[in-house]
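Here is the structure we will look at, set down as structure tokens.
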Amino acid sequence: MTRQALIIDCDPGVDDAVALMLAFGSRELDLLAVTAVGGNVPVAKTARNARILRQIAGREDVPVFMGADRPLRREPAGAGEFHGAEGLGDMAPFEPDAPCAEGHAADAIIDLVMGRPEKSVAVAVLGPLTNLALALRREPALAARLGPLAVMGGARSEGGNITASAEFNIWADPDAAAEVLATGCEVVMFGLDATHQVRATTARIAALEAVGTPSAGAAASMMRFSQRVERRIVGWDAPPVHDPCPVAWLLKPDLFGLKPCRIAVETDSDLTRGHTAVEFREAVAGALPHRWAVSADADGVFGLIESACGRGD
Ligand code: BDR
Ligand code: CA
């Protein structure tokens with residue numbers, strides 16, 4: 001079996017943490033690197049959190065690179081109220097044994113992708129797209145070389161979660177998202193329309209906890225924190241678990257329904273900054289170079305998380 005080569009670009013973040021546990025435990029993936037970006041919390045914390053999670057999962061073989069500490073041309077925002085001040089919910093952070101790898105995340109992405117066969121490396125982007133935009137600026141040939149860019153971001157039917165019309169990852173750095181979408185990369189976007197179908201019910205969290213490994217315990221603790229916070233802020237009993245979706249799709253594409261489309265991002269308006277305009281009509285859009293997730297099999301996604309967290313090698 002050929003394993004899918006993958007880079008995860010993320011801002012852990014409680015749901016990023018679950019996505020990392022899914023990837024660390026999935027030996028069907030050849031996880032080349034984790035790259036950290038400032039988003040939910042500043043980049044020094046997201047990079048540290050990625051290293052903490054890597055240590056818990058026993059995957060120190062995977063390098064972690066630190067990337068952009070601020071969006072291309074906006075002030076950093078943050079989403080600490082949904083992730084905890086340190087980004088890991090209730091988990092007390094600690095200084096991990098292994099440091100970050102040398103070099104900037106954007107350069108690491110360039111080196112890893114350009115050094116491998118065309119289209120063979122997928123990138124899952126689980127935070128603002130700043131690192132990807134920087135990499136594509138530094139090496140324009142990267143766009144044609146990248147495999148699928150599976151992005152958690154955007155909203156269409158569901159409306160936004162940070163403003164009425166925008167989802168956090170796109171809103172945090174709309175300029176980066178717009179640049180990446182315009183490069184011709186093969187972008188597959190998992191926005192709130194799909195991720196709101198993947199919810200951590202009390203029963204699903206308990207089932208994950210019952211797996212009993214450190215990875216499962218960490219992932220379940222992230223979901224319990226989210227459940228408490230979303231109940232208080234949004235009034236939801238079962239919080240959406242966004243970031244594992246792109247990773248789950250790479251593992252098992254038939255868990256998601258995708259539709260060809262053209263996605264553009266609002267960068268100018270203060271009111272609708274970060275809105276994703278998703279056009280499905282070829283007659284209007286011309287070509288449809290992107291794909292948009294419209295449905296998700298939540299039991300299937302949770303099944304993958306449980307089995308990945310259960311692997312103790
Ligand atoms: C996205 O925003 C972040 O707060 C989460 O980690 C996720 O990537 C959901 O809108
Ligand atoms: Ca995230």
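The values are calculated or read from the model by the stated rules, or taken from the named source; none is laboratory data. All of these numbers come straight from a predicted model, not from anything done at the bench. With ideal geometry, Cβ positions are generated from the backbone for all residues, glycine too; neighbour counts draw on all protein chains shown. Only protein heavy atoms, including side chains, enter the accessible area calculation; ligands, DNA and RNA are left aside. Shrake-Rupley method; radii C 1.70, N 1.55, O 1.52, S 1.80 Å.
A few notes on this one:
- Distance between segment 34-111 and segment 196-243 - C-alpha centres, whole angstrom: 21
- Loop-located GluC sites (Glu not before Pro) in segment 22-84 (DSSP state not H, G, I, E or B) with no more than 10 neighbouring Cβ atoms inside 10 Å do not occur.
- Sparse packing (at most 14 other Cβ atoms within 10 Å of the Cβ) combined with a DSSP loop state is found for the following trypsin sites (Lys or Arg not before Pro) in segment 87-181: 119.
- The residues neighbouring residue 165, those whose beta-carbon lies less than 14 Å from its own, together hold a net charge of -4 under the Lys/Arg +1, Asp/Glu -1 convention.
- Rg and Dmax over the alpha-carbon atoms of segment 215-303 stand at 16.8, 49 Å.
- Potential extension, residue 280-residue 207 segment - 0.36 nm per residue separation minus Cα distance: 22.5 nm
- At the listed q of 0.08, 0.09, 0.11 Å⁻¹, the Debye profile of segment 4-309, built from one uniform point per Cα, gives log10 I(q)/I(0) equal to -0.29, -0.37, -0.57.
- Short to long, the 5 Å bins of the Cα pair-distance histogram for segment 153-209 hold 4, 18, 20, 20, 15, 12, 7, 5, 1 percent of all pairs.
- Translational diffusion coefficient of segment 1-120 (Stokes-Einstein, Kirkwood radius from Cα pairs, 25 °C, 0.890 mPa s): 168 µm²/s.
- Relative packing of 9-22, 202-215, which averages over residues the other C-beta atoms within 10 Å, highest first: 9-22, 202-215
- Taken along the Cα-to-beta-carbon direction at a fixed 7 Å, the label points for residue 75 and residue 228 span 3.0 nm.
- To put it simply, the accessible area of segment 178-290 at a 1.4 Å probe is 54 percent carbon and sulfur.
- Fully extending the segment from residue 137 to residue 118 would add 5.0 nm, taking 0.36 nm per residue of separation and subtracting the current Cα-Cα distance.
- Low-density loop positions, trypsin sites (Lys or Arg not before Pro), segment 211-283 - DSSP coil, at most 11 other Cβ in 10 Å: 281
- Accessible area per residue for the chain is 38 Å², calculated with a 1.4 Å probe on protein heavy atoms, without ligands, DNA or RNA.
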